[in-house]
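Participant: Got a structure for you, written out below as structure tokens; questions coming shortly.
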Amino acid sequence: MIGFVSGTVHAFGTDFVLIDVHGVGYRINFYHPEALSKGKEMTIYTYQNVREDEISLYGFLSLEEYDLFIKLISVKGLGPKIASNILSRASVDAIITAVETGDIDFIRHMPGIGNKTASQIILDLKGKLVESSNETNNSEELNDVSLALKQFGYKPAEIKPVMKKLAKEHGSTDELIKKALSMLMK
């Protein structure tokens, strides 16, 4: 399996990129044309999809996007093309928040998703997309901040992106809680 491709952007369109890796061109289904420019050196994380009549690569800007893609294609009736389209329309955090809060309207408005598939995505993935706070936090203060935010009624999907930002901050628990609340209010 091809895990990532590093090379130079040779050509691209709205749904693909050709990456030149030492004279070999890899065509990757890639739905972020805004991140591309001809001649740019880049690394794209890939999923190799093998079917009876086709072998194709799907590309992602980050490992978080790749991980969510893998979870999306595990949902019954959701293939790699639709999963890639979902990721091209919304951020990883927005999709996780929608699944964790059961926001069926948000998911249903993605390309190729109807009521039945949106319900299936929520049913299959709710609770599986958010890491526990102990896995993402590396200090006692951050654990306390996460617990405080949960007590204030924030959902794990709302807390996770804030905790990632706070991991780079320093200060007392009270200062970090104030910073977290200001981030959540924006």
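For every residue, the table says whether it meets (1) assigned by TED's automatic domain parsing to the domain that holds residue 119; (2) modelled with pLDDT under 95; (3) not aliphatic (A, V, I, L, M).
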residue	(1), (2), (3)
9	no, no, no
13	no, yes, yes
21	no, no, no
31	no, yes, yes
36	no, yes, no
52	no, yes, yes
67	yes, yes, yes
72	yes, no, no
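Participant: Scan (1) among the hydrophobic types (A, V, I, L, M, F, W, C); (2) part of a helix (DSSP H, G or I); (3) surrounded by 14 or more Cβ atoms within 10 Å (Cβ to Cβ) for the single condition residue 70 breaks and write down its number.
Facilitator: Among (1) among the hydrophobic types (A, V, I, L, M, F, W, C); (2) part of a helix (DSSP H, G or I); (3) surrounded by 14 or more Cβ atoms within 10 Å (Cβ to Cβ), the lone unmet condition for residue 70 is (3).
Participant: Please specify each residue of the stretch 11-37 satisfying the condition of being in contact with a strand residue (DSSP E or B) (Cβ under 9 Å, 6 or more places away or on another chain), surrounded by 10 or more Cβ atoms within 10 Å (Cβ to Cβ) and not in a strand (DSSP E or B).
Facilitator: 15, 30, 31, 32, 33, 35, 36, 37
Participant: A follow-up question, please. Could you pull out the residue among 94, 98 that is buried (at least 19 other Cβ atoms within 10 Å of the Cβ) and part of a helix (DSSP H, G or I)?
Facilitator: 98
The values are calculated or read from the model by the stated rules, or taken from the named source; none is laboratory data. These figures come from a predicted structure and were not determined experimentally. Glycine gets a Cβ as well: all are built from the backbone with ideal geometry, and neighbour counts include every protein chain shown.
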